Amino acid sequence: MSLGFLQRKKTSFIGVDVSATAVKMVELSAIGKQQFRLDGYANVTLPKGAISDGNINDLTQVAESMRAAWRLLGSRARQVVLALPTAAVISKRVIMPAGLREEDMELQVESEANQYIPFPLDEMNLDFQILGPMGKSTDEVEVLIVAAKKEKIDDRVAVAEEAGLKVQIMDVEAYATETAYRQILRHLPDHSKKTVTMILDIGAFVTHINVMVGTQSVYAREQAFGGASLSQEIQRRFGLSPEESEIAKRQGGLPASYAQEVLQPFLQNLAAEAARAVSFFTNSTQYSKVDHLLLAGGVAATDGLTALIEEKTGVHTLVANAFGGMTLANKIKPSQLQVDAPALMIACGLALRGVDA
């Protein structure tokens with residue numbers, strides 16, 4: 001059994017989110033119990049095609065982008081926390097007797113894994129984490145078993161090493177989102193253990209949906225819709241390259257017709273997708289309503305989007321900022337962070353993992 005990609009250590013401070021289009025880094029320091037300082041962050045665009053469907057197609061290009069992000073970060077730390085795409089991981093919660101010795105638990109985990117993993121175990125990295133007692137029982141505990149193909153982990157470790165960095169922990173993107181969300185939950189109005197929050201992490205091609213009740217994830221799915229469709233329409237309409245369209249989208253400078261003819265239809269579609277996600281969730285689960293919609297991903301900070309989604313769904317909508325309540329290093333501008341924060345949610349969750357949040 002090869003353990004170690006869920007374990008927690010206190011030595012890593014940099015969370016690295018490698019998405020389909022960018023490498024994002026967040027550096028955090030622990031400055032007290034549940035108190036953190038944001039030391040810096042960086043976001044570097046990846047060359048087109050370097051990563052697709054969660055697979056690293058060009059290790060050298062991704063390593064160069066990772067090295068560029070680290071230089072931009074201006075950090076001396078080299079220990080990082082990375083994540084596997086959620087789709088690359090098989091996870092299962094099982095019930096086990098409480099009080100097992102670690103060796104006995106490892107054997108039982110292997111036995112359980114054999115039943116539900118459709119690949120030879122020698123091709124997999126396997127890990128487990130005890131989540132806690134099962135209900136009020138003192139005899140049983142709930143255990144999370146997680147498995148991923150060794151090659152998926154090895155590719156990410158190789159990229160980090162080529163960039164001059166050392167991987168301390170390998171996490172999972174969905175778990176990183178949940179870790180970051182726990183920072184946000186404290187600042188939500190009237191929050192409780194029953195607060196239902198739907199997180200919409202709008203990526204380039206896919207929107208990841210994760211519903212939290214209190215601090216527990218109860219529902220997850222994906223919808224094939226993302227910010228890349230806006231970039232593609234900008235390229236088509238105004239004859240720009242992919243790189244030029246990304247810069248224009250962030251910094252402005254597009255023709256006057258852009259807002260009405262390109263951006264608004266995209267935002268309307270996005271609001272309709274959000275409404276569809278809420279409707280699907282409430283109609284297919286025991287939960288009859290959603291209390292909050294939390295928007296993550298680079299598109300989330302677009303002016304007018306939260307109001308549009310709130311109007312379409314009838315659900316209180318806000319933009320994800322996991323850095324609320326954190327101390328900020330002097331070089332960080334709060335107004336710019338407000339814009340950048342939703343794209344940094346996974347990287348923040350990974351950094352929190354490193355400082356043992």
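The values are calculated or read from the model by the stated rules, or taken from the named source; none is laboratory data. The shown structure was predicted, so the numbers you read here are calculated from the model rather than taken from an experiment. All Cβ positions, glycine included, derive from the backbone under ideal geometry; neighbour counts span all protein chains shown.
In segment 138-160 there is at least one residue matching the filter, namely being under 23 Å from Glu102 (Cα atoms), surrounded by fewer than 19 Cβ atoms within 10 Å (Cβ to Cβ), in contact with a strand residue (DSSP E or B) (Cβ under 7 Å, 6 or more places away or on another chain) and among the hydrophobic types (A, V, I, L, M, F, W, C). The single residue among Ala87, Ala113, Ala69, Ala63 that is in contact (Cβ under 8 Å) with a residue 24 or more places away in the chain, surrounded by fewer than 16 Cβ atoms within 10 Å (Cβ to Cβ) and not in a loop (DSSP other than H, G, I, E, B) turns out to be Ala87.
Would you be able to say whether some residue in segment 160-168 is at positive phi and not basic (Lys, Arg)?
Narrowing segment 160-168 to residues at positive phi: 164.
Then keep just the ones that are not basic (Lys, Arg); that gives 164.
Checking segment 160-168: at least one residue is at positive phi and not basic (Lys, Arg).
Among the residues of segment 228-238, the ones that are at pLDDT 90 or above and either out of contact with any Pro (no Cβ under 7 Å at 6 or more places or on another chain) or outside the structural domain of Gln286 (by TED's automatic domain parsing) (or both) come to 7 in all. Tyr41 fulfils the conditions (1) under 29 Å from Gly132 (Cβ atoms); (2) not in a loop (DSSP other than H, G, I, E, B) except for a single criterion, (1).
Of the residues Val290, Val211, Val206, only one is in contact with a strand residue (DSSP E or B) (Cβ under 9 Å, 6 or more places away or on another chain) and either farther than 27 Å from Ser52 by Cα or among the polar types (S, T, N, Q) (or both); which? Outline the logic, then answer.
Working: Val211 fails: either farther than 27 Å from Ser52 by Cα or among the polar types (S, T, N, Q) (or both); Val206 fails: either farther than 27 Å from Ser52 by Cα or among the polar types (S, T, N, Q) (or both).
Residue meeting the stated conditions: Val290.
Per the conditions (1) part of a helix (DSSP H, G or I); (2) modelled with pLDDT of 95 or more; (3) more than 16 Å from Gly349 (Cβ to Cβ), the sole criterion not satisfied by Met198 is (1).
Restricting attention to segment 310-329, which residues are out of contact with any His (no Cβ under 9 Å at 6 or more places or on another chain), buried (at least 24 other Cβ atoms within 10 Å of the Cβ) and closer than 29 Å to Phe280 by Cα? So that I can check it myself, show each step before the final result.
So in segment 310-329, the residues out of contact with any His (no Cβ under 9 Å at 6 or more places or on another chain) come out as 311-314, 319-320, 322-323, 326-329.
Imposing the further condition that a residue be buried (at least 24 other Cβ atoms within 10 Å of the Cβ) reduces the set to 320, 322-323.
Residues satisfying the conditions are Ala320, Ala322.
Only residues that are surrounded by fewer than 24 Cβ atoms within 10 Å (Cβ to Cβ) and basic (Lys, Arg) were counted across segment 330-357, and they come to 2. Can you confirm whether Thr313 is out of contact with any Lys or Arg (no Cβ under 9 Å at 6 or more places or on another chain), farther than 15 Å from Ile184 by Cβ, hydroxyl-bearing (Ser, Thr, Tyr) and modelled with pLDDT of 95 or more? So Thr313 passes the test. Considering only residues of segment 117-145 that are β-branched (Val, Ile, Thr) and not in a strand (DSSP E or B), which is modelled with the highest pLDDT? Top of the filtered list is Ile117.
Going by what's in this entry, would Gly349 be described as farther than 21 Å from Asp201 by Cα and not assigned by TED's automatic domain parsing to the domain that holds Ala296?
Values: farther than 21 Å from Asp201 by Cα: no; not assigned by TED's automatic domain parsing to the domain that holds Ala296: yes.
No.
Among helices (runs of 4 or more DSSP H) entirely within segment 279-357, having at least 3 residues that are over 14 Å from the mean Cα position of the chain (by Cα) singles out 305-313, 334-340.
Residues of segment 204-236 that are within 12 Å of Glu178 (Cα to Cα), hydrophobic (A, V, I, L, M, F, W, C) and touching a residue at least 40 places away in the same chain (Cβ under 8 Å): Ile209, Val211, Val213, Val218, Ala220. Regarding Pro255, is this residue farther than 25 Å from Glu310 by Cβ and assigned to a loop (DSSP other than H, G, I, E, B)? When the stated conditions are applied, Pro255 passes them. Considering each residue of segment 69-79 in turn, none proves to be of a type in the set (A, V, I, L, M, F, W, C), at pLDDT 90 or above and in contact with a helix residue (DSSP H, G or I) (Cβ under 7 Å, 6 or more places away or on another chain).
Say whether the condition of being buried (at least 20 other Cβ atoms within 10 Å of the Cβ) and among the hydroxyl-bearing types (Ser, Thr, Tyr) is met by at least one residue in segment 196-219. Yes.
Here is a yes/no grid of residues against (1) at positive phi; (2) touching a residue at least 12 places away in the same chain (Cβ under 8 Å); (3) among the basic types (Lys, Arg):
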| site | (1), (2), (3) |
| --- | --- |
| Gly297 | yes, yes, no |
| Ala300 | no, yes, no |
| Ala307 | no, no, no |
| Glu311 | no, yes, no |
| Phe323 | no, yes, no |
| Thr327 | no, yes, no |
| Ile332 | no, yes, no |
| Val339 | no, yes, no |
